[in-house]
Amino acid sequence: MKADKILTALLLTFLFSCPALAAETKFGEPLEVSLNVASITMNDNGMSITYEGIAGKYGMVHATHNMVATNAAHTKGYFTGTVQAIDDAGHLEQSMTLGLWSRSGTSLKVYGFDDDDLARILHISTVDLGTKVFNAEVWELD
């Protein structure tokens, strides 16, 4: 639990300490990714969602988001997780992911950052828990 609070504090510090930097950054065109929701597991803190599918140049992607609710209605919170991608050449890339989420009905909006070896990744996603589809726009920041 302490690690979760530290990750949340670091993410919030980054988000709120860099507003001018965000205005000056040109992200370019995002890579659009659509993955299947492979599983949804409820737990005491919220839920864990796993995703899988082909994600363009990244190849086969498997990801897990451990969603922790920060309000009693479970309509917002933060997540931590992992992402693994295997490209067509068989190269394996793994990274940590973290971010914020909000929920309206069965739809989630997810704002996340991945920290892999090649680039920092920003992704803004929607997750439809009913149809079990994850759609994201992905930008490489480095």
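Just so it is clear, none of the values below were taken in a lab; they were calculated from the coordinates. Keep in mind that what you see is a predicted model, and the values were worked out from it rather than measured. Cβ atoms come from the backbone with ideal geometry, glycine included; neighbour counts cover every protein chain shown.
Please report the net charge: other residues with Cβ closer than 13 Å to the Cβ of S39, K and R +1, D and E -1. Write out the running numbers ahead of the final one.
On the way: positive: K132; negative: E52.
Taking every other residue near S39 into account, the sum is 0.
Can you tally the net charge around V138? Count Lys and Arg as +1, Asp and Glu as -1, for every other residue whose Cβ sits under 9 Å from the Cβ of V138.
Once all neighbours under 9 Å are counted, the net charge is -4.
Give, in nm to one decimal, the length gained when the segment between T75 and L118 is fully stretched (0.36 nm per residue of separation minus the Cα-Cα distance).
On the way: separation 43, 0.36 × 43 = 15.48 nm, distance 3.31 nm.
Taking 0.36 nm per residue and subtracting the Cα distance, the gain is 12.2 nm.
Output the peptides 95-107, 35-47 sorted from most to least packed, where packing is the average of other Cβ atoms within 10 Å over each peptide's residues. Show your work: numbers first, answer last.
Numbers: 95-107: 16.1, 35-47: 14.0.
Packing order, densest peptide first, comes out as 95-107, 35-47.
Between E29 and L129, what's the calculated FRET efficiency when r is the beta-carbon distance and R0 is 35 Å? Round to 0.05.
About 0.80, to the nearest 0.05.
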